[in-house]
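What follows is a single structure, written as structure tokens, with notes after it.
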Amino acid sequence: MPELPDVEGFRRVLRKAAGRTIDRVDVLDAGVLRGVDAGELRDALMGATFAAPRRHGKWLVGPVRAGRRHRRDEPSVVFHFGMTGSLTWSSADAERHRHDRVTVGAGSRELRYRDLRKLQGIRLLPDDDAVTDLLHDLGPDAADVDDVELGERLGRRPRRLKPALMDQTVVAGLGNLLADEILWQARIHPGRGTRDLTDADRRRLYDRLHAVLRRSTRAGRVPGWPSWLTGHRDGPDDTCPRCGAHLRRTRLGGRTTVWCPRCQPT
Ligand SMILES: [Zn+2]
């Protein structure tokens with residue numbers, strides 16, 4: 001499932017398309033369009049270009065410009081990748097994948113939005129105010145949040161820590177793998193209360209959140225390295241790479257949660 005590091009990778013993909021005049025828009029499956037039809041998307045993009053894209057949490061915004069720069073009253077294409085979405089910048093000659101749903105071409109290259117499950121997809125918003133409204137309820141981007149703000153937002157109401165970290169209105173961008181990895185690296189049990197953290201817990205949480213995001217963003221995903229929880233959680237060797245204990249798994253906030261009973265005591 002795409003989380004902040006994956007979407008940051010898709011932002012770099014979209015940046016490659018920026019500045020190139022769009023000469024083809026093919027909607028192969030309108031099931032990924034949200035609040036826009038194929039004709040409207042085509043009308044907005046044909047002959048225009050993308051300006052520099054930006055990301056907030058798991059959302060990717062591609063401002064469209066007809067002239068030299070994007071104006072506030074021009075539209076933006078907004079991507080959310082749901083559980084299975086991705087974006088590639090491909091040679092137009094390369095064979096398409098059967099889950100490629102929308103392609104946006106510029107000369108010999110094209111953006112390809114691929115999505116198996118089509119839970120989210122592509123929006124076309126008319127202007128910058130509409131983008132602001134869409135993203136209004138999101139918390140600060142997890143890569144930018146500072147320690148004071150993170151502590152304050154987590155402590156706003158008593159709840160379990162892992163669902164709070166994954167709540168996009170608290171902080172935007174963390175999904176299931178990241179939340180488990182950060183908590184494991186910080187040695188904090190995922191079911192701890194948000195108001196039961198010590199100052200030392202909060203410092204470790206903040207420190208590990210940024211370290212995990214920094215390294216994952218460089219990798220373009222949450223890497224399954226042998227020294228990380230992610231490298232062990234779904235493999236045959238389900239032992240903690242730090243202490244060797246058997247990892248535990250449970251449902252927490254509706255999601256499979258993996259943790260180490262020895263490193264992350266309750
Ligand atoms: Zn352990």
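Some values worked out for this structure:
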quantity: In segment 92-106, the residues that are part of a strand (DSSP E or B) and farther than 21 Å from Gly31 by Cβ; calculated: Ala106
quantity: Residues of segment 5-45 classified as surrounded by fewer than 18 Cβ atoms within 10 Å (Cβ to Cβ) and touching an Asp or Glu at 6+ places or on another chain (Cβ under 8 Å), total; calculated: 3
quantity: Unmet requirement for Thr217, which otherwise passes all of (1) free of Cβ contacts under 8 Å to residues at least 24 places away in the same chain; (2) of a type in the set (Ser, Thr, Tyr); (3) surrounded by 15 or more Cβ atoms within 10 Å (Cβ to Cβ); calculated: (1)
quantity: Selected residue [closer than 26 Å to Met83 by Cβ and more than 16 Å from the ligand (Cβ to nearest atom)] from Gly253, Gly193, Gly235, Gly231; calculated: Gly253
quantity: Residue pairs meeting the criteria (Cβ under 7 Å; at least 6 apart or on separate chains; first closer than 26 Å to Leu28 by Cα, in segment 121-148; second open to solvent by 80 Å² or more (accessible area, probe 1.4 Å) and in a loop (DSSP other than H, G, I, E, B)); calculated: Arg123/Gly35; Asp127/Arg72; Asp127/Asp73
quantity: Among the residues listed as Ala179, Ala200, Ala172, Ala164, the single one being among the small types (Gly, Ala, Ser) and over 17 Å from the mean Cα position of the chain (by Cα); calculated: Ala200
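The values are calculated or read from the model by the stated rules, or taken from the named source; none is laboratory data. Note that this is a predicted model, so its numbers are computed, not measured. So basically every Cβ, Gly included, is an ideal-geometry build from the backbone, and we count neighbours across all protein chains shown. Calculation scope for accessible area: heavy atoms of the full protein, side chains included, ligands and nucleic acids excluded. Shrake-Rupley method; radii C 1.70, N 1.55, O 1.52, S 1.80 Å.
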